[in-house]
Amino acid sequence: MTDPGGGGAADDINAPDETDPNDGDEIDSADRDETGPTDREYVDRAIDLAEEAVETGNTPFGALLVLDGEIVAERRNETLTEDDLAAHPELTLARWAGRELAADERARCTMYASTEPCPMCATGIHYAGIGRVVFGVAGETLDALTGDVVSIPCAEVIRRADGDTAVEGPIAEAAAMDLHEAVYGES
């Protein structure tokens with residue numbers, strides 16, 4: 001099931017290069033699926049969505065949902081343009097998944113986020129039953145730049161809720177922070 005309002009799948013993000021031009025980190029070949037993108041490539045798409053959010057007048061956050069190797073929904077932050085403090089892309093996707101996907105599909109989903117989901121979004125992810133979250137940069141790292149992040153780790157929120165969601169990251173810290181620094185200024 002694809003999301004008609006959330007944008008389509010990314011352009012060809014299966015780059016033959018085994019290194020990331022943003023960070024210089026090698027991509028683990030075990031992470032590369034011969035038939036689809038890697039976790040890093042999906043997080044890079046989330047960072048692209050965060051850039052698009054900035055272009056539309058919002059703060060730099062983006063996320064997408066992948067089900068069985070297919071991007072089913074993408075969202076950009078809309079907190080400023082929608083005048084809605086809860087319009088974080090991760091919470092918007094969790095709510096969409098809760099309405100549009102069956103419980104077993106949500107459990108097979110991975111949410112890729114440009115930045116670690118905040119406690120509000122992590123709670124929504126838990127209640128939606130999303131199986132896995134992978135993020136680019138930790139909230140604590142962003143907080144060192146901005147000073148206004150509730151830096152309770154996503155994994156901690158899931159653990160306290162006795163949830164099953166696997167949380168992985170940060171996996172693209174330099175690339176994600178480049179965007180945040182461009183928006184918020186360097187520390």
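The values are calculated or read from the model by the stated rules, or taken from the named source; none is laboratory data. As the structure is a computational prediction, the values presented were derived from the model and not from experiment. Neighbour counts run over all protein chains shown; Cβ positions are idealised from the backbone, glycine included. For the accessible areas, the whole protein counts, side chains as well, though only heavy atoms, and no ligand, DNA or RNA atoms are used. Shrake-Rupley method; radii C 1.70, N 1.55, O 1.52, S 1.80 Å.
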Checked pairs for the range 40-64, first in a helix (DSSP H, G or I) and open to solvent by less than 20 Å² (accessible area, probe 1.4 Å), second of a type in the set (D, E, K, R) and at pLDDT 95 or above, C-beta under 6 Å and 6 or more apart or across chains, list as Leu49/Glu74; Leu49/Arg76; Ala53/Arg76
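Yes or no, residue by residue, for (1) open to solvent by less than 50 Å² (accessible area, probe 1.4 Å); (2) among the acidic types (Asp, Glu); (3) within 16 Å of Ala138 (Cβ to Cβ):
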{"site": "Glu74", "(1), (2), (3)": "yes, yes, no"}
{"site": "Glu82", "(1), (2), (3)": "no, yes, no"}
{"site": "Leu85", "(1), (2), (3)": "no, no, no"}
{"site": "Leu93", "(1), (2), (3)": "yes, no, no"}
{"site": "Ala102", "(1), (2), (3)": "yes, no, no"}
{"site": "Cys109", "(1), (2), (3)": "yes, no, no"}
{"site": "Met120", "(1), (2), (3)": "no, no, no"}
